[in-house]
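K.L.:
For reference, the structure I am asking about is given below.
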Amino acid sequence: MPELPDLMTTKEVADYLRIKERRVYELLRLREIPSTRVTGKWLFPKAAIDLWLARGRAEEGANGEPPPPVIAGSHDPLLEWATRESDCGLALLSGGSLQGLSRFGEGKASVAGLHLLDPDSGDYNLPIVRESFGQAPVVLIEWAKRRQGLVLAKGNPLGIAGLQDLARPDLRLLRRQAEAGSRILFSHLLSQAGLDPDALGWLTETPRSELDLGLAILEGRGDVGLAIEAVAKALKLDFLPLAEERYDLLLRRRDYFEPPMQRLFGFARSPAFAARAAAMGGYDVGDTGRVRFNGA
């Protein structure tokens, strides 16, 4: 399809939405589609149409049905444990923060787990959620703050003391898939340290989760990578802290009041949850449940 103009005609918006023109006129009659009238002709701002689509997908599934009870996006060990222990009925489908955001927008998940750094502001998750769903009825709720850092073999036999050491040619570096929040953070930290991320000795293996990365180091398939402290502690690996990040859950506002999310966040207020977070290491759950964004 050729590049669409900023203002689409009735035919262009029908093609864009893959519906018939008569359906567009029906939506116009019902005042359910963003539009403007110029010299007697209906025009449709593409940016407004994209936002309208995103809002509709967040409100209902992409096929007009409620999205499945799935938490997509970034994997978090504490969330995995709490989902199971709370018996909230939600399933986990890990695959990286950006993939979770996409699945949520497409109506393929009811929740997205995110830890996406905005390098310009230094904030997590809020900038991209505002940009993608700013006018939609969604909420962004803090799950936990987590320490991220370099995961190393037990005893740190290679003597890695900081990011500058990662430029050594003998090191086998691991990094997550492009959609992962850890990949974005790692690239930012390396750039801040004056290193070119593309010039380092990356392995071709791409761990799909924090745990996969830790296991690769435990089994000797790599020397160093970025992951959360809880993974290093669980696998008895060395850990060099570099940053604290915020992991949030994005969901439709009305779903917050449904039994699955109420059970999950109710359990997150329990002493057992706080004790587990402390035992795992690297978590701060003092603001768990705090609303970070509330859409229109």
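The values are calculated or read from the model by the stated rules, or taken from the named source; none is laboratory data. The model shown is predicted, which means the values in this text are computed figures rather than measured ones. With ideal geometry, Cβ positions are generated from the backbone for all residues, glycine too; neighbour counts draw on all protein chains shown.
K.L.:
Does segment 234-248 contain at least one residue that is out of contact with any His (no Cβ under 8 Å at 6 or more places or on another chain) and part of a helix (DSSP H, G or I)?
P.N.:
Taking segment 234-248 and keeping what is out of contact with any His (no Cβ under 8 Å at 6 or more places or on another chain), we get 234-244.
The next check asks that each one be part of a helix (DSSP H, G or I); those that pass are 234.
Yes, because at least one residue in segment 234-248 is out of contact with any His (no Cβ under 8 Å at 6 or more places or on another chain) and part of a helix (DSSP H, G or I).
K.L.:
Taking segment 91-109, which residues are without any contact (Cβ under 8 Å) to a residue 60 or more places away in the chain and over 20 Å from Arg253 (Cα atoms)?
P.N.:
The answer is Leu93, and nothing else.
K.L.:
If I ask for residues that are among the small types (Gly, Ala, Ser) and modelled with pLDDT under 90, which ones from segment 101-112 would you list?
P.N.:
Step one: filter segment 101-112 for residues among the small types (Gly, Ala, Ser), giving 102, 105, 107, 109-110, 112.
Across segment 101-112, the qualifying residues are Ser102, Gly105, Gly107.
K.L.:
Let me ask you something else. Yes or no: Asp212 crowded, with 23+ Cβ neighbours inside 10 Å and over 12 Å from Leu152 (Cα atoms)?
P.N.:
no
K.L.:
Additional query: Being in a loop (DSSP other than H, G, I, E, B) and in contact (Cβ under 8 Å) with a residue 12 or more places away in the chain is the filter here, so list the residues in segment 195-207 that pass it.
P.N.:
Correct list: Leu195, Leu200, Gly201, Leu203, Glu205, Thr206, Pro207.
K.L.:
Checking the conditions here, which among Pro260, Pro271, Pro197, Pro241 is more than 30 Å from Glu106 (Cα to Cα) and touching a Ser or Thr at 6+ places or on another chain (Cβ under 9 Å)?
P.N.:
Numbers: Pro260 fails: more than 30 Å from Glu106 (Cα to Cα); Pro271 fails: touching a Ser or Thr at 6+ places or on another chain (Cβ under 9 Å); Pro241 fails: touching a Ser or Thr at 6+ places or on another chain (Cβ under 9 Å).
Matching residue, one of Pro260, Pro271, Pro197, Pro241: Pro197.
K.L.:
For Asp170, all conditions in the list (1) surrounded by fewer than 20 Cβ atoms within 10 Å (Cβ to Cβ); (2) not assigned by TED's automatic domain parsing to the domain that holds Asp238 hold save one; what is the number of the exception?
P.N.:
Every condition holds for Asp170 apart from (2).
K.L.:
Could you list, in sequence order, the residues of segment 96-109 that are in a loop (DSSP other than H, G, I, E, B), in contact with a strand residue (DSSP E or B) (Cβ under 9 Å, 6 or more places away or on another chain) and farther than 26 Å from Lys233 by Cα?
P.N.:
Lys108, Ala109
K.L.:
Here's something else I'd like to know. Mind checking whether some residue in segment 270-290 is among the β-branched types (Val, Ile, Thr), in contact (Cβ under 8 Å) with a residue 24 or more places away in the chain and closer than 30 Å to Leu158 by Cα?
P.N.:
Checking segment 270-290: not a single residue is among the β-branched types (Val, Ile, Thr), in contact (Cβ under 8 Å) with a residue 24 or more places away in the chain and closer than 30 Å to Leu158 by Cα.
K.L.:
Now for a separate question. Between Arg276, Arg254, which is outside any loop (DSSP other than H, G, I, E, B), closer than 22 Å to Gly89 by Cα and at pLDDT below 95?
P.N.:
Unique residue meeting the criteria: Arg254.
K.L.:
Still on this structure, please answer the following. I'm trying to understand the selection: among the residues of segment 145-192, which are aliphatic (A, V, I, L, M) and not in a helix (DSSP H, G or I)?
P.N.:
Leu150, Val151, Leu152, Ala153, Leu158, Ile160, Ala161, Leu171, Leu173, Leu174, Ala178, Ala180
K.L.:
Name the residues in segment 117-167 that are among the basic types (Lys, Arg) and either surrounded by fewer than 18 Cβ atoms within 10 Å (Cβ to Cβ) or out of contact with any Gly (no Cβ under 9 Å at 6 or more places or on another chain) (or both), would you?
P.N.:
Passing the criteria: Arg130, Lys154.
K.L.:
Being closer than 24 Å to Gly295 by Cβ and either of a type outside the set (S, T, N, Q) or part of a strand (DSSP E or B) (or both), is that true of even one residue in segment 211-232?
P.N.:
No - not one qualifying residue is present in segment 211-232.
K.L.:
A further question on this structure: Which pairs have Cβ atoms under 7 Å, sit 6 or more apart or on different chains, and link a residue in segment 66-85 that is surrounded by fewer than 21 Cβ atoms within 10 Å (Cβ to Cβ) to one that is among the polar types (S, T, N, Q)?
P.N.:
Pro68/Ser110; Pro69/Ser110; Val70/Ser110
K.L.:
Looking at this structure, is Ala167 within 17 Å of the chain's Cα centre (by Cα) and farther than 30 Å from Gln262 by Cα? Before you say what the answer is, go through the steps one by one.
P.N.:
Details: within 17 Å of the chain's Cα centre (by Cα): no; farther than 30 Å from Gln262 by Cα: yes.
No, not satisfied.
K.L.:
Hey, another quick one. From the residues in segment 110-144 that are among the charged types (D, E, K, R) and assigned to a loop (DSSP other than H, G, I, E, B), which one is nearest to Arg253 (Cα to Cα)?
P.N.:
Going through the qualifying residues, I end up with Asp123.
K.L.:
For segment 1-95, which fully contained helices (runs of 4 or more DSSP H) count at least 2 residues that are closer than 23 Å to Arg130 by Cβ and at pLDDT below 85?
P.N.:
The qualifying helices (runs of 4 or more DSSP H) are 46-59.
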